[in-house]
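Novice: I have a structure I would like to understand better, so I am pasting it below and will then ask my questions one at a time.
The values are calculated or read from the model by the stated rules, or taken from the named source; none is laboratory data. Since the structure is predicted, the reported quantities are computational estimates derived from the model, not experimental observations. Glycine also receives a Cβ, built like all others from the backbone with ideal geometry; neighbour counts cover every protein chain displayed. Note: accessible area is taken over every heavy atom of the protein model, side chains too, but ligands, DNA and RNA are not part of it. Shrake-Rupley method; radii C 1.70, N 1.55, O 1.52, S 1.80 Å.
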Amino acid sequence: MSTAQADLTTTVDPDLIAMMDAVFADQRANQSPDAPVDLDRRLWSNLDELGLVRLTGSEEAGGSGAGWPEAAALLTAAARHAVRIPLAEHDLLGCWLLEAADLPVDGAVRTACVLDADGTANGVPWASTVDSIVAVWPSGGAYRIADLDAAAPSVRITPGANMIGEARDAVAVDVTALTGDEVPSATVAELRLKSALVRAIQVCAALDRVVELAVDHTTSRIQFGRPLAKFQAVQNLIADAAAEAALARAATEAALVAAVTGGWSAPRLEFLVAAARSCAGHATSVVVRNAHQALGAIGTTREHRLHQYTRPALAWRSEFGSVDYWDGQVADAALRAGGTGLWSLITG
């Protein structure tokens, strides 16, 4: 584990981290590289038995009562082993929304989405593979929430996928036929930040693994009688990639710490999440480019594992807001702070 990764999980029980890592390592070892990306119900059952599918859910509602640091460690472990499963969408988004609205949570696998006024949402993660969709939609100047059976005739799902084959589907619902329960707009705003931070955590985990693979390759590959890592040009590529990955991880760590300590209501939280997403998005460009340059042709082959991390990083950085969108949020926050408030905005 890199130093940056260790910083994100210093408050988490090392035995829990080791257990998470072992579970996903075993899954990866028994999974064909050509297997389609789908919801693995056997793995889900195993994770459920270990108390990991509702890691942050309250114990009263059947969860494990852990927090976001543990959830970040879980998402990092899954990403490090290139295991695709909707843990974040289920626990941190869907089930959290139900608990926040005092609605019951059963054993169904869930995702979440925010519908527009017409009852549609695009790019909904895992919608075509889960049992239930926790939907939030605007209604009369407020928001309402409902736990929808994904197989119900009233829920129309058009399958889609991101560049690594994870389901990213279009969902359409007749919201005029739904009653739902009222949910505060602050909860919907919190959902937006949580969704964004989830992807930042996953991107950082992928980038750290990319850097590790690049370091391993360049230190072991002999060219012209010496390791590639001895060439200054290669050293520059790796150094730049490592620096960008560390910056993204530091920004994500800052946002996570602020969210946990401030109860998702810290004054600078939106700025910190935007900065994390911006840093992670731009770091992805540098890390992916430099790693592929350092590995050369072998890094583009299906057999090499590099693409199992570079492509997810590229896919995830554009979900729950594009890089351009989060850049704009950072710029807007800086403009609002003005010359007198900019330094305190950055430093806290």
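Novice: What distance in nm lies between label points placed 7 Å from Cα along the C-beta direction at W343 and T179?
Specialist: About 5.7 nm separates the two model spin labels.
Novice: Right, here's the next one. Rg to Rh ratio, the stretch 282-337, alpha-carbon atoms and Kirkwood radius?
Specialist: Details: Rg = 15.0 Å, Rh = 12.9 Å.
Radius of gyration over Kirkwood radius for the stretch 282-337 works out to 1.17.
Novice: Could I ask something else about it? Given the chain, what percent of its DSSP beta bridges are antiparallel, to the nearest 5? Please list the in-between numbers first.
Specialist: Values: 22 of 27 bridges.
Looking only at bridges with both residues in the chain, the antiparallel portion is about 80 percent.
Novice: Something else about it: Which entry in (i) 67, 25, 17; (ii) 46, 25, 15; (iii) 34, 24, 19 matches semi-axes √(5λ) of the Cα gyration tensor in Å derived from the coordinates of this structure?
Specialist: Recomputing semi-axes √(5λ) of the Cα gyration tensor in Å here picks out (iii).
Novice: Taking all protein chains in place and a 1.4 Å probe, what share, in percent, of the accessible surface of the stretch 165-253 do carbon and sulfur account for? Don't jump to the answer; show the numbers that get you there.
Specialist: Working: 2060 of 3740 Å².
The value for the stretch 165-253 is 55 percent carbon and sulfur by accessible area.
Novice: While we're here: Between 0 and 90 degrees, rounded to the nearest ten: what's the tilt of helix 14-29 against the longest Cα principal axis of the chain?
Specialist: Once rounded, one gets 80 degrees.
Novice: Any idea how far the Cα center of the stretch 73-128 sits from the one of the stretch 283-313, in Å?
Specialist: 28 Å
Novice: Can you give me the angle between helix 185-220 and the longest principal axis of the chain, using Cα atoms only, in degrees from 0 to 90, rounded to the nearest 10?
Specialist: Taking Cα atoms only, the helix is inclined about 20 degrees.
Novice: For the stretch 63-119, which whole percent of the accessible surface, found with a 1.4 angstrom probe, sits on carbon and sulfur atoms? Intermediate values should be presented prior to the final figure.
Specialist: Numbers: 720 of 1550 Å².
C and S atoms contribute 47 percent here.
Novice: Another one. Sorting check: for 182-188, 205-211, 254-260, 104-110, which peptide has the highest mean count of neighbouring beta carbons within 10 Å, and how do the rest follow? Before the final figure, lay out the partial values.
Specialist: On the way: 182-188: 14.4, 205-211: 27.9, 254-260: 19.7, 104-110: 16.3.
Per-residue Cβ counts within 10 Å, averaged per peptide and sorted highest first, yield 205-211, 254-260, 104-110, 182-188.
Novice: With r as the distance between the Cβ atoms of A172 and Q293 and R0 = 56 Å, compute the FRET efficiency 1/(1 + (r/R0)^6) and round to 0.05. It would help to have the intermediate numbers written out before the result.
Specialist: Details: r = 43 Å, r/R0 = 0.77.
E(calc), rounded to 0.05, equals 0.85.
Novice: What do you get for the angle between helix 269-295 and the principal long axis of the chain? Use alpha-carbon atoms, 0 to 90 degrees, nearest ten.
Specialist: Compared with the principal axis, the helix lies near 40 degrees.
Novice: Also, quick follow-up: Give the ranking of F24, F231 by solvent-accessible surface, highest area first, calculated with a 1.4 Å probe. Display every interim value, and only then the final one.
Specialist: On the way: F24 0, F231 50 Å².
Greatest to least solvent exposure: F231, F24.
Novice: Grab the Cα-Cα distance for D106 and D149, subtract it from 0.36 nm times how many residues apart they are, and report the gain in nm with one decimal. Could you put the intermediate results ahead of the total?
Specialist: Details: separation 43, 0.36 × 43 = 15.48 nm, distance 1.21 nm.
Result for the pair: 14.3 nm of gain on full extension.
Novice: Using helices alone, what [θ] at 222 nm do you get for the chain, with -39,500 (n - 2.57) per DSSP H run of 4 or more residues, divided over all residues and rounded to the nearest 500?
Specialist: Working: 10 runs with 177 residues, N = 348.
After summing the helix terms and dividing by residue count, I get -17000 deg cm²/dmol.
Novice: Per 0.36 nm of contour for each residue apart, how much would the distance between D131 and T158 grow if the chain were fully extended, relative to their Cα-Cα spacing?
Specialist: Numbers: separation 27, 0.36 × 27 = 9.72 nm, distance 1.52 nm.
Full extension from D131 to T158 adds 8.2 nm.
Novice: Please work out the average accessible area per residue across the chain, using the 1.4 Å probe convention, and give it in Å². Kindly include the intermediate steps, with their values, before the conclusion.
Specialist: Values: 15320 Å² over 348 residues.
Accessible area per residue: 44 Å².
Novice: To continue, here is another question. Could you put D91, D102 in order of accessible surface area, largest first, with the 1.4 Å probe and the full protein assembly present?
Specialist: Sorted by accessible area, descending: D102, D91.
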